[in-house]
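Worksheet for the structure shown next.
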């Protein structure tokens, strides 16, 4: 299911996808994507929301809970003042943050915001959102495994003198056999199995 379809089915105003990063020992959230309902203000690229210190200090408990795999949700009006201020700046009336786990670790978060009503989330809805985040996590895990497989195929096949590559040198393999070609070939088609 696409994120925009997920937004529509969840009946929310906004869905966001964020990845965790540790930079100089500090947690940072890399905003990857945002899908908004028609007429809903886009917040991901809003310069007015950059560098706001309350976000970093106010949500430590939410981060700790998501790192343990817990879903966090609330009505904005029920939040402490610093958290409430952050959500009000985004016009959010209720929010859910669902952790994305990859290989048993907290990779990132998918967020669901309501900007038009205060929505009290039911347990079965939270379970469905958790399942959707689980599918995202599995897709990321699968992509990592495929990338590792391709790296191993490249390393095991084309980087040794005894390897027989069908298309020539590694530089021509990357370009599909021609220096003017710009489309890369999949590693599996460029390398012959070792005999």
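The set of residues from region 1-31 being under 22 Å from residue 128 (Cα atoms) and at pLDDT 80 or above comprises 11, 12, 13, 14, 15, 16, 17, 18, 19. Close Cβ contacts (under 7 Å, 6 or more residues apart or on different chains) running from residues in region 137-162 that are assigned by TED's automatic domain parsing to the domain that holds residue 110 and at pLDDT 85 or above to residues that are surrounded by 11 or more Cβ atoms within 10 Å (Cβ to Cβ) and not in a helix (DSSP H, G or I) comprise 137/100; 137/101; 137/102; 137/107; 140/102; 140/107; 141/102.
Among the listed residues 134, 104, which satisfies the condition of being surrounded by 14 or more Cβ atoms within 10 Å (Cβ to Cβ) and either over 22 Å from residue 79 (Cα atoms) or modelled with pLDDT of 95 or more (or both)?
Details: 104 fails: surrounded by 14 or more Cβ atoms within 10 Å (Cβ to Cβ).
The unique qualifying residue is 134.
The values are calculated or read from the model by the stated rules, or taken from the named source; none is laboratory data. This structure is a prediction, so every number in the text was calculated from the model and none was measured. Don't worry about glycine lacking a Cβ; one is built from the backbone with ideal geometry, like all the others, and counts go over all protein chains shown.
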